[in-house]
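Below: the structure, in structure tokens.
Please treat every number below as a calculation from the coordinates, not as lab data. What you see is a predicted model; the values in this text were computed from it and never measured. Every residue, glycine as well, gets a Cβ built from its backbone with ideal geometry; the counts of neighbours run over all protein chains shown.
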Amino acid sequence: MATETLVRRTPVRSGARPARNKVGLGTRMRRNWQLYAMLAIPLVWLAIFAYWPMYGAIIAFKDYNVIDGILGSRWVGFKHFERFVESYQFGRLIKNTLVLQVYELFATFWPPILLALGLNMARRKWYRRSVQLITYAPHFISTVVVVGIIVVLVDPNTGVLNQFLGIFGVGPIDVLNNPDYFRHLYVWSSSWQTMGFSAIIYLAALTSVSPELHEAAIVDGASRLRRVWHIDLPAIRPVAVILLILNIGTIMTAGFEKVLLLQNTLNLQTSEVLDTYVYKLGFASEVPQFSYAAAIGLFRSVIGLVLLVIANTLARKFAKSSLW
Amino acid sequence: MAMATATPAPVQETRSDRIVMICNYTALGLFTLAVLYPLIYVLSASLSDPKNVVSGKVWLWPVGWSIESFKAVFDYDSIVSGFSNSVLYAVGGSVLATVLTLFAAYPLSRKGLPGKGLIMALFVFTMMFSGGLIPSYLVADQLGILNTRWAIILPAALAVWNMIITRTFFQSTIPEELVEAAKVDGCTDFGFFWRIVLPLSKPIIAVNLLFYAVAQWNSWFSALIYLTNEHLFPLQLVLRQILLQNQFDPSQVRDTAELIRMKELQEQLKYSLIVIATIPPLLVYPFVQKHFVKGAMVGSLKG
């Protein structure tokens, strides 16, 4: 099928290049053999590390055991999926995953936009430069270290948060081990870490705004805020929509590593999400349940894909920009 | 550098505009302080006298100078081995990944390569859908790379997003006419890639090296599932044990006097560890920042 598509497309593409019109597909492929040779290495990597696991995901429909391997194990159809949907964990896991990610989407969406608008408005170069340099920095800090920083800051005995609260006679509050605080801790630390870096892309969109627009608006007597509202905001809207779609698409997967790091037995009630559960079933339980865990993982991947397609369709319809 | 070009100012600012400006500068300053404070606090705590850290006398600047905890960090065996492992993974991993990325991005940037669309789709699809954690683990198992350094480097040897950015860079900097001209002169694709494309692509190569090195330096989860041999652990995994799980293993310290001192330092050790683990990526960053932001923009705007 692939070759058919290519053959059919060939005349259209080579239309722009009359010299190539008479050259057949086979000849063109042979002429480019060195390019294919270069591509071969990454393609082998892709086959092994991206598509082989997709094939391996069929164990979700089998009772996998080490001796029989992926192919030899017995087919069981949707048994594992049914078991998961009926389990008492199902509702809680879906709720925790969605609430956490939607909350994170909210908390990481608007601060970069505000920061970019503010930076774009500021005129002192040294000030802009230092604000940018400092706010980018957390992007380069690892998840383990960010969680480490959180842990030392909120430590009930020595952390600066509880020292501070102590002045007012409040606390100490054991923030880490309390399920009520888990989501806020997780979400606002993400916001702290990504704000500066995410602003880059909005700044880029703002720099492409023609200065003449602003000049014309000034002549017409528009105030600063009016110009932000009518010139700057429309300029970043397409970028904002694309980023929002991308983030909705990753809503089922994102942030899993940090959740696992912040998680402990006392805050499981709100911190257990689909991916951490998969990890536990597969690697942290005494009897690894590979097939069951793979089924939950696959369930998550499929929902993620569906969400991405829906978000993209909506964006194309209402905001007139989309990923594909 | 993504500098915002200042929007033009009116000749005479109105009062309300001036108020908006002042609010803006203040808000930016507050944003910046909010980002900066935790970092400064951790740095100050790591440099303070351990007693002052535990009793909460440190608020902003170091109280009672001491670099004992930094010395102690380097006496802890698994931190030292973790550090050198991480350097190895970051250097080896980023070089391999950059080579793979260039090899994928260059052919896919060329116009009229038969099958280009299909191959591109194969790459992009993996961004949206994956087999999942368990099947990936089983693949590593079947390849026999579990518990080897390859398990850290190979699965991370290409990021499709970086490949797309690199491809966009090639499309916008290597004109098709240049390729045609070189072909007329008898240059092969390999020769063209080696002699023309690579020298023109230094910024994107720097961006890729940095992206992959930072990702490798910061990664810990693949080590958690693929490795059981502690001698292969990257720094981040060692950090997780000490910072988050409070696993402090006395047998890791060589002499006893050191051990007693270390017990006192244990709390402060966390702060100095955070500082040490954060410094390498932050050190590299300003040097490549210029290329880096430029590269990120090329990909994001035209991709």
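Data overview
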item	result
Descending semi-axes in whole angstrom, ellipsoid equivalent of the range B:36-158, from the Cα gyration tensor	46, 20, 15
Residues with amide H under 5 Å from that of A:K62, placed H, sequence gap 5 or more	A:V76
Global form of the protein assembly as shown, assessed from the alpha-carbon gyration tensor, a/c cut-off 1.5	oblate
Estimated vicinal HN-Hα couplings, Hz - the range B:127-140 in sequence order (Karplus 6.51, -1.76, 1.60; Gly, Pro = x)	6, 9, 9, 9, x, x, 5, 5, x, 5, 5, 5, 5, 4
Area projected by the alpha carbon convex hull of the range B:15-65, averaged over all directions, nm²	4.1
Label point distance in nm, B:E176-A:F164, each placed 7 Å from Cα along Cα→Cβ	5.8
Rounded Å value of the spacing that divides the Cα centres of the range B:144-179 and the range A:231-266	24
Value of D in µm² per second that Stokes-Einstein yields for the range A:34-77, Kirkwood Rh from Cα pairs, at 20 °C (1.002 mPa s)	178
Projected-area average for the range B:102-188 over all orientations - Cα convex hull basis, square nanometres	7.6
Cα shape, the range A:173-264, gyration tensor, a/c 1.5 rule	prolate
P(r) histogram, all alpha-carbon pairs of the range A:89-318 included - 5 Å bins from 0, percent	1, 6, 11, 14, 14, 14, 12, 10, 8, 5, 3, 1, 0, 0, 0
Span-like helix ranges in chain A, DSSP H, alpha carbon extent 15 angstrom or more, Kyte mean at least -1.0	A:2-14, A:33-46, A:89-121, A:125-136, A:143-154, A:179-207, A:233-249, A:290-318
Sequence of B:V42, A:V144 once ranked by neighbouring C-beta atoms within 10 Å, starting from the fewest	B:V42, A:V144
Dimensions (Å) - the range A:202-246, Cα atoms, principal axes, largest first	39, 16, 11
Loop GluC sites (Glu not before Pro), the range A:71-150 (other Cβ atoms within 10 Å of the site Cβ: 13 or fewer; DSSP)	none
Low-density loop positions, chymotrypsin sites (Phe, Trp or Tyr not before Pro), the range B:20-101 - DSSP coil, at most 16 other Cβ in 10 Å	B:W59, B:F74
Karplus-derived 3J(HN,Hα), 6.51/-1.76/1.60, for each residue of the range B:154-159, Hz, glycine and proline x	5, x, 9, 7, 7, 10
The range A:135-278, relative contact order in percent, only Cα pairs under 8 angstrom and at least six apart counted	31
Listed residue (B:I67, B:A140, B:V95) projecting farthest to the positive dipole end of the range B:56-143, Cβ model	B:V95
Within chain A, longest stretch free of exposed trypsin sites (Lys or Arg not before Pro) [DSSP loop, at most 11 other beta carbons within 10 Å]	A:125-319
Fewest-first ranking of A:D220, B:D189, using other Cβ atoms within 10 Å as the exposure measure	A:D220, B:D189
Mean Cα-pair separation over length for the range B:69-211, i.e. relative contact order, pairs under 8 Å, 6 or more apart, %	39
Computed over chain A: relative contact order in percent, which uses C-alpha pairs under 8 Å that are six or more apart	22
Rough spin-label spacing in nm, given labels placed 7 Å along Cα→Cβ, for A:T313 and B:A27	3.7
